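Structure, as structure tokens:
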Amino acid sequence: NRQKETIEIPTSTQDRRSTAKSEITDMHMRQDILEKQLDNPEFTIEDFASAVGVSRAAFFRKVKGVTGYTPNEYMRILRMKRAMELLQEGIYNVSEIAYKVGMNDPLYFSKCFKSHFGAPPSAYLHKK
């Protein structure tokens, strides 16, 4: 008894622009949801999809289609960007930042950070 998701196909250039604007607005809304949950390591893709009001599969397709990243990759990228901001503030150490961006393992956080930015988080740490 699964309901099929209906997808409207834009018929004019104006409709396509409107659809693109709607998708961008939707992504900003999704980003806001994620940013509110960024420090929550228990926040899952299922929670994210539920907060947006779509199935996990539909959410996956929509995020991948708009961003080019899977929802997990998208969430990790936003976490890494926030971590960079916190590092540059110079208030917290690397372990504290790992927890503040929802990662329970500082070593895994450092590995993800280095993979994303090309250098370990300590290289970006600016003490005040």
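Which entries of Lys64/Lys100; Lys81/Lys111; Lys36/Lys64; Lys62/Lys111 have Cα-Cα distances beyond 23 Å here? From Lys64/Lys100; Lys81/Lys111; Lys36/Lys64; Lys62/Lys111, over 23 Å: Lys64/Lys100; Lys62/Lys111. Ile77 contributes an accessible area of around 30 Å² to the protein surface, as traced by a 1.4 Å probe with all chains present. Per-residue extension of 0.36 nm, minus the Cα-Cα distance of Asn72 and Asn104, leaves a gain of 9.9 nm for this segment.
Applying the Karplus relation 6.51 cos²θ - 1.76 cosθ + 1.60 with θ = phi - 60° to the range 65-75 yields 3J(HN,Hα) values of x, 8, 9, x, 10, 5, x, 5, 5, 4, 5 Hz, where x marks Gly and Pro. Once the 1.4 Å probe is applied to the protein heavy atoms, the range 61-128 comes out at 58 Å² accessible per residue.
The values are calculated or read from the model by the stated rules, or taken from the named source; none is laboratory data. Not measured: the values here are computed from a predicted model. Remember, those area values only see protein heavy atoms, side chains included, never the ligands or the DNA or RNA. Shrake-Rupley method; radii C 1.70, N 1.55, O 1.52, S 1.80 Å.
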